[in-house]
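Each reported figure results from applying straightforward, stated rules to the coordinates on display, with no laboratory input. This structure is a prediction, so every number in the text was calculated from the model and none was measured. Don't worry about glycine lacking a Cβ; one is built from the backbone with ideal geometry, like all the others, and counts go over all protein chains shown.
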Amino acid sequence: MSTDAPVSPARRKQVLRVVFISLLLDLISFTFILPLFPKLLEFYRNVETQSSGTVLARILYGLNAYKNSFSKPINDRYDIVLLGGALGSLFSLCQAIASPIIGTLSDRYGRRRALLWSMVGNIASVALWCAATDFRTFLASRVVGGLSEGNVQLALAIATDISSDEDRGKTMAMVGACFSIAFTFGPAMGAALAQVTSVAANPFATAAGVSLLLIVTETIYLYYALPETHLVEKPATSANSEKPAVEKRERTNSHTILNLTHFSFILFFSGMEFSLPFMTYDLFSYGSRQSGTMLGYIGLVASLLQGGVTRRMKPLQVVQLGVLSAAVAFLLLSKVTTERGLYAAVTLLAVTSSTVVTGLNSLSSFEAGAAERGEKLGNHRSFGQAGRALGPLIFCSLYWWAGRDVAYMVGGAGMIGVSALVFGGLRSPLALSKGKAATANGSAKKVA
């Protein structure tokens, strides 16, 4: 049993600083590997596919059979991209399974303890990557990482524990800003470290080693600097003891609708994200440098928006803005023929990246009491990760079966459906309205 208790401004500032620094370290470490996937998987392919009995050889055989089923032939250049997408889907699937469990454990035993145990799993995952001289070990590192990664959802739960209803949107925007900053600088740092070869049997050991250093540093920092924000009362043992009152919270939005919205949005958006390199290569012959520049631009614009716009808007308005931007971006991408048109579309995608997930997380946090917050936010993240596991496979299949125009038009129609769900099914939280009314009444009394 736990209830929301007032948190002093100094205490809130201290905890938010710890959450921000630790999450930034975690996400920068996480994004190191993103630009390395093509060369990393190519390295394992060159080493292992000479034998048909290896795990990688069997996986590539299945992917090639899937690829050859398309009516439109897929260039062999995309073999590695498809393999990377399959690994991304596997990681997201593991996250979808683990997130509700991690959230429930944080409700039962406290956020700090759950986060530290999650960090142990993260350390094991990156340590396996450091030692991954074969693909099987690398695959194990991704599975362990997917099953243990709880930093994001627990950071959201901690931030919610210490924030008033009025400050909730600003706090969630701060967490979202960590993503944008990390995705702006992390991939570039990972690519630079990949140029340094310290272990011949694993050319990416340097990047993995620095990633491990960041994770270990984060764990030590959390151990000494993070206080417990979810104090769990021990159940009474006496037969005559009164049971603690269950916290009653007036709810505005159904968790089912919020989770369905999250799943639907991520399903379409992640599919588009994964297909974007295919499209830019086909239309403009983009290589890794041009793609990296484009992704860096998206991250930079998203960071600026989260710091200056998103944090000042109501959560529902944030979600509404983001889904409409995504719908327009999809329709633009279905017809784009110039780089100017491409960057107009990705600017809208940056708006979406800086708004929708942040706003949905905020809305979900309003509907959860202190004693169930970890579980509800874990379930919410699980639905999003399930969408991320399915989106790339479904959307890229449509892309190659029916072509770019049809794929992005279908994606745009799907995002219009998500917009209808947002505008028709979601409401601004009652707690937010009441909090503002109470603040206004208090100000009026002071003036009187």
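Shape verdict for segment 52-142, please, from the Cα gyration tensor: rounded (a/c under 1.5), prolate (a/b greater than b/c) or oblate.
Note, shape of segment 52-142 comes out prolate.
As I understand it, the dipole of segment 73-230 uses +1 on the Cβ of Lys and Arg and -1 on the Cβ of Asp and Glu, about the Cα centre. Which of ALA131, TYR221, VAL152 lies farthest toward its positive end?
The listed residue farthest towards the positive side: ALA131.
Rounded, prolate or oblate, given the Cα gyration tensor of segment 115-235, with a/c below 1.5 counting as rounded?
prolate
Classify segment 365-429: rounded, prolate or oblate, from the alpha-carbon gyration tensor (a ≥ b ≥ c, eigenvalue square roots; a/c under 1.5 rounded; otherwise prolate if a/b is larger than b/c)?
Since a/c reaches 1.5 but b/c is at least a/b, the shape of segment 365-429 is classed as oblate.
Using the structure shown, list the pairs from LYS39/LYS67; LYS39/LYS170; LYS170/LYS335; LYS67/LYS376; LYS335/LYS376 with a Cα-Cα distance above 30 Å, or answer none.
Correct reply: LYS39/LYS170; LYS170/LYS335; LYS67/LYS376; LYS335/LYS376.
Which value, in debye to the nearest 20, gives the size of the charge dipole of segment 1-155 about its Cα centre, when Lys and Arg are +1 and Asp and Glu are -1 at the Cβ?
For segment 1-155, the charge dipole is close to 440 debye.
Multiply the residue gap between LYS170 and ALA192 by 0.36 nm, knock off their C-alpha separation, and tell me the result in nm, one decimal place.
Computed gain between LYS170 and ALA192 is 4.6 nm.
To the nearest 20 debye, what is the magnitude of the charge dipole of segment 279-407 about its Cα centre, counting +1 on the Cβ of each Lys and Arg and -1 on the Cβ of each Asp and Glu?
Approximately 260 debye in magnitude.
Want the number for ARG11 to ASN46: 0.36 nm per residue separation, take away the alpha-carbon distance, what's left?
My answer for the length gained is 7.3 nm.
Please list the three semi-axes, largest first and in whole Å, of the ellipsoid equivalent to segment 1-153, using sqrt of 5 times the eigenvalues of its alpha carbon gyration tensor.
After scaling each eigenvalue by five and taking roots: 38, 16, 15 Å.
Could you tell me which of SER69, LEU56, ILE102 has its Cα farthest along the dipole of segment 42-149 towards the positive end, charges placed at Cβ (Lys, Arg +1; Asp, Glu -1), taken about the Cα centre?
Result: ILE102.
Based on the mean of other beta carbon atoms within 10 Å per residue, what is the order of 40-52, 267-279, 413-425, most packed first?
Going by the mean number of other Cβ atoms within 10 Å, highest first, we get 267-279, 413-425, 40-52.
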